[in-house]
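Have a look at the structure below, then the notes.
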Amino acid sequence: MTEITTVVLILGVLLLIGIPAFLGAKAKANDRSAQSSLRSADTNAKTIKADTDSVAGVTTVSLARAETSLTFTTGESDDPGTVSVDGSASGLVLAARSKSGICFALGDADNGVGTVFQNLGPFAHCKASLILPLPTARPTAESTVPAGGWARSF
């Protein structure tokens, strides 16, 4: 009887340690899915921009033709497979909400700053046109933090 109690106690301790670690890994995987969608959309947007010689050629329709695994909208993103697009803000801004509820944005400014990234945290409306304006200079932050503005990487 003592052996069974000991085994149950050890299993309980292992579960207490393992469950939080699993939940943290799941949230990170959910966030990476949205970030991956943004990177894929950005790669296609850069190709379209190069072909049309303008960010105006990057529309939800042209992106949907180039990347069939994602859905593109000018409205809000409500999941990692739906990317919100705004090409009117001195460049291109893309946004996607992860399954954990975090809104991520990727921007490509026309002014030569390059590709920039933003973690908006649990932003109420994950819509590209509502994201902060693209920076005029290269961001100093290396990686994003929730509600921390533009950075050079996720």
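The values are calculated or read from the model by the stated rules, or taken from the named source; none is laboratory data. Everything numeric in this text was worked out from a predicted model, so none of it was measured. Glycine gets a Cβ as well: all are built from the backbone with ideal geometry, and neighbour counts include every protein chain shown.
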_Please pick out the residue among Ser69, Ser40, Ser84, Ser98 that is closer than 18 Å to Ala27 by Cα and at pLDDT 90 or above._
Ser98
_What's the total number of residues in region 66-78 that are acidic (Asp, Glu) and either out of contact with any Lys or Arg (no Cβ under 8 Å at 6 or more places or on another chain) or crowded, with 18+ Cβ neighbours inside 10 Å (or both)?_
2
*Being at pLDDT 95 or above and of a type in the set (A, V, I, L, M, F, W, C) is the filter; apply it to region 52-65 and report the residue that is surrounded by the fewest Cβ atoms within 10 Å (Cβ to Cβ).*
Val61
